[in-house]
1. Taking region 328-363, which residues are under 21 Å from Val288 (Cβ atoms) and surrounded by 15 or more Cβ atoms within 10 Å (Cβ to Cβ)?
2. Report, by residue number, each residue of region 346-364 that is out of contact with any helix residue (DSSP H, G or I) (no Cβ under 7 Å at 6 or more places or on another chain) and more than 21 Å from Tyr168 (Cβ to Cβ).
3. Return the residues of region 145-165 that are in a loop (DSSP other than H, G, I, E, B) and either in contact with a Ser or Thr (Cβ under 8 Å, 6 or more places away or on another chain) or farther than 25 Å from Lys212 by Cα (or both); say none if nothing qualifies.
4. Quick one: in region 303-327, of everything that is touching a helix residue (DSSP H, G or I) at 6+ places or on another chain (Cβ under 7 Å), more than 14 Å from Gly232 (Cβ to Cβ) and not β-branched (Val, Ile, Thr), which residue is surrounded by the most Cβ atoms within 10 Å (Cβ to Cβ)?
5. Restricting to region 248-275, name every residue that is in a helix (DSSP H, G or I), more than 14 Å from Gly229 (Cβ to Cβ) and touching a residue at least 40 places away in the same chain (Cβ under 8 Å).
6. Need pairs with beta-carbon distance below 9 Å; first residue in contact (Cβ under 8 Å) with a residue 40 or more places away in the chain and within region 151-162, second part of a loop (DSSP other than H, G, I, E, B) and among the aromatic types (Phe, Trp, Tyr); sequence gap 6+ or separate chains.
7. Which of the residues belonging to region 339-364 are more than 16 Å from Ala228 (Cβ to Cβ) and either in contact with a Leu (Cβ under 9 Å, 6 or more places away or on another chain) or of a type in the set (Lys, Arg) (or both)?
Amino acid sequence: MFSSIRNTIPRQFSRAYSNASAPGPNKGNGIIWASLATGAVLVGGRSTTHLSRVISYYIGLSTQQPPPTTAHKLNHSTLKWPQIGYVYSRRTYTPDIGTQAHPAPVSKALDPTKFVEFKLRESVPINHDTSLFRFGLEPAQELGLDITSCLVVKETLGDDAKPTIRPYTPVSSQDTRGHFDLVIKKYETGKMSAHIHSMAPGDVLAMKGPIKKFPYKTNALKEIGMIAGGSGITPMLQLINHVLEDPSDHTKLTLVFANKSENDIILRSTLDELAKQHPNQLKVHYVVDKASSRNWKGDVGYVTKELVQKYMPSPSDKDVLVSVCGPMPMMKSVSGPKAPDYSQGEVSGIFKELGYTSEQVFKF
């Protein structure tokens with residue numbers, strides 16, 4: 001379905017263009033140009049007022065228009081993935097986030113009782129160590145993942161007698177049909193992440209789910225504070241999108257996203273655009289171990305007690321929750337690790353020092 005195009009889209013290209021009257025058999029379809037953290041994205045499909053929600057997982061939108069001659073030359077039936085970005089066709093990516101009626105019955109692909117194999121359709125780099133992996137579903141299928149839940153993948157790797165099992169949170173919308181997307185960071189010591197990054201289109205991976213995290217209820221909380229490190233952003237993004245997609249949900253969201261450097265911040269344009277669209281509901285703050293340029297306007301260093309006090313809701317406030325997901329050293333420092341049985345365990349670290357209770361803390 002997708003094939004490679006090289007050097008056809010500028011690396012830092014970021015602009016949006018709606019073409020509701022493109023000539024030819026695709027008349028009535030629209031085109032949206034947008035940016036990824038390190039590349040460019042093209043979305044082809046029907047013009048809709050909700051399209052920004054559909055593609056908000058990966059991209060940020062602006063209002064400049066690309067050259068019409070370029071847009072008109074594209075055939076929606078042969079849209080391609082360039083090396084530095086990726087392309088969505090509305091024929092295969094059609095969530096429309098709860099606004100589009102689905103007349104046909106929808107089946108759920110995941111099974112919570114057994115592992116099911118899913119075939120890798122495409123993968124594309126997002127930055128130097130993180131890629132997006134798109135797995136195929138039947139055209140009328142949805143993955144079947146609930147909000148604040150994840151799936152687990154299983155694979156027997158190397159000479160290991162027992163299979164390796166790891167949890168991942170998809171970044172595609174809950175009602176996306178025909179495929180789902182995982183954004184996975186490759187770790188030097190991570191067997192599963194290295195295996196997934198080595199997969200080729202057509203390879204299969206066994207998955208089971210959904211694995212429920214906590215039962216989110218609309219407007220049950222006044223504010224949710226989130227601290228994410230690296231690829232720990234994926235469950236936070238799932239929750240952020242769910243809240244912001246619901247006009248009746250007024251829960252305030254504050255995210256602190258920690259990374260080694262600016263180049264390690266995945267999905268940054270997505271987060272920035274969501275914060276821009278919802279300035280009274282979502283606040284995003286970046287922190288890097290070391291700034292690589294003088295133009296860096298975020299925080300520098302690690303997630304400290306002072307940083308938590310500065311951005312997170314106070315433990316003295318009612319109906320608040322603080323959540324954390326990231327590398328184990330960060331988890332230990334901020335909230336304390338989960339228990340050996342993967343239950344929440346005791347609250348320790350910075351959260352305990354500041355007075356947060358176990359009812360106010362959730363560890364992804």
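The values are calculated or read from the model by the stated rules, or taken from the named source; none is laboratory data. Owing to the predicted nature of the structure, the values given are computational and were not obtained by experimental measurement. Note that each Cβ is placed from the backbone with ideal geometry, even for glycine, and that neighbours are counted across all protein chains shown.
1. Narrowing region 328-363 to residues under 21 Å from Val288 (Cβ atoms): 328-335, 349-350.
Residues satisfying the conditions are Met330, Met331, Ser333, Val334, Ser335, Gly349, Ile350.
2. Glu346, Ser348, Lys352, Gly355, Tyr356, Thr357, Ser358, Glu359, Gln360
3. Of everything in region 145-165, those that are in a loop (DSSP other than H, G, I, E, B) and either in contact with a Ser or Thr (Cβ under 8 Å, 6 or more places away or on another chain) or farther than 25 Å from Lys212 by Cα (or both) turn out to be Thr156, Leu157, Gly158, Asp159, Asp160, Ala161, Lys162, Pro163.
4. Within region 303-327, the match that is surrounded by the most Cβ atoms within 10 Å (Cβ to Cβ) is Leu321.
5. Selection gives Asn263, Arg268, Ser269, Thr270, Asp272, Glu273, Leu274.
6. Sorted first by the residue in region 151-162, then by its partner, the pairs are Val152/Phe115; Val153/Phe115; Lys154/Phe115.
7. Filtering region 339-364 down to residues more than 16 Å from Ala228 (Cβ to Cβ) leaves 339-348, 352-360.
Those that are more than 16 Å from Ala228 (Cβ to Cβ) and either in contact with a Leu (Cβ under 9 Å, 6 or more places away or on another chain) or of a type in the set (Lys, Arg) (or both): Lys352, Glu359, Gln360.
Residues are listed down the side, and each one gets a yes or a no for (1) buried (at least 16 other Cβ atoms within 10 Å of the Cβ); (2) under 22 Å from Asp317 (Cβ atoms); (3) among the hydrophobic types (A, V, I, L, M, F, W, C):
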| site | (1), (2), (3) |
| --- | --- |
| Ala220 | no, yes, yes |
| Ser231 | yes, no, no |
| Ile240 | yes, yes, yes |
| Ile266 | yes, no, yes |
| Gly301 | no, no, no |
